[in-house]
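Only one structure is covered here, and it is reproduced in the block below.
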Amino acid sequence: DVKVTQSSRYLVKRTGEKVFLECVQDMDHENMFWYRQDPGLGLRLIYFSYDVKMKEKGDIPEGYSVSREKKERFSLILESASTNQTSMYLCASSPRVAGGDPNHSGTQYFGPGTRLTVL
Amino acid sequence: GIQVEQSPPDLILQEGANSTLRCNFSDSVNNLQWFHQNPWGQLINLFYIPSGTKQNGRLSATTVATERYSLLYISSSQTTDSGVYFCAVTPMYSGGGADGLTFGKGTHLIIQP
């Protein structure tokens, strides 16, 4: 089974702190993603990565950066946390379409989520 | 960008009832997934179904790609089926799974004993 893990289930930080959210997948997937989920706004894509050291902006990248130094790990960084970044953060991974199982290429698998509160 | 609309937004049923959840999308897709979000926030994969029909136990799904909609069927509902069901897509022009999913707002399902 695919397993995607996130470093914390719950996190409380102060305004202005630098925050790291870590995500690890064990299926050798090429693609990894970060989303946030907010009431009334749904799930929105922050950043994604299709290879080591590669990154692409999603729909709401402002205030965030990412790092992918190893294939299995994708980090989301809040350089200076703000209260409007209080949210549920979800990480996902998927195989590259060309190299994956044709029946499941592109299927995204999600981690358990991190509930971040910024005070 | 692509639009994803789910209906109904809320659904309350008695245990044992059947239900149909709908997902309409505004453009051609090469990835469509159905998820169940449990009370702890975990998104659980139900189906990867950009076209065709699949079944898994009491759940089945059908996507009619040419008409841009997908249906999720839940038969003989149980209280553990409660939660939010999301449909999510990747548009055809994105080139495949390297792009993120666009989610609908979800259907909040409550199964009463």
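Things to note:
- Under the combined filter of DSSP loop state and at most 15 neighbouring Cβ atoms within 10 Å, region B:1-109 retains these GluC sites (Glu not before Pro): B:Glu15.
- Around the Cα centre of the protein assembly as shown, unit charges on the Cβ atoms of Lys, Arg, Asp and Glu (plus for the first two, minus for the last two) sum to a dipole of about 360 debye.
- Size of chain A as Cα extents on the principal axes (Å, biggest first): 45, 28, 24
- Of the trypsin sites (Lys or Arg not before Pro) found in region B:1-74, those in coil by DSSP whose Cβ has at most 14 other Cβ atoms within 10 Å are B:Arg58.
- Normalised convex hull volume, chain B, alpha-carbon set, Å³ per residue: 91 Å³
- Ellipsoid semi-axes for the protein assembly as shown, based on the Cα gyration tensor and the rule √(5λ), read 29, 21, 15 Å when sorted largest first.
- Summed residue charge, Cβ within 12 Å of A:Ala81's Cβ, Lys/Arg positive, Asp/Glu negative: +1
- Based on C-alpha pairs under 8 angstrom that are at least 6 apart in sequence, region A:4-112 has a relative contact order of 32 percent.
- Note on A:Lys3: accessible area approximately 120 square angstrom, rounded to 10, probe 1.4 Å, nucleic acids and ligands left out.
- For region A:1-76, lysine pairs with C-alpha atoms less than 24 angstrom apart, excluding pairs fewer than eight positions apart on the same chain, total 15.
- Amide H within-cut-off set for A:Glu17, under 5 Å, with H built and near neighbours excluded: A:Ala81
The values are calculated or read from the model by the stated rules, or taken from the named source; none is laboratory data. The structure displayed is predicted, hence computed values, not measured ones. Counting neighbours? That spans all protein chains shown, and the Cβs are built from the backbone with ideal geometry, glycine included. Accessible surface areas use protein heavy atoms only, side chains included; no ligands, DNA or RNA. Shrake-Rupley method; radii C 1.70, N 1.55, O 1.52, S 1.80 Å.
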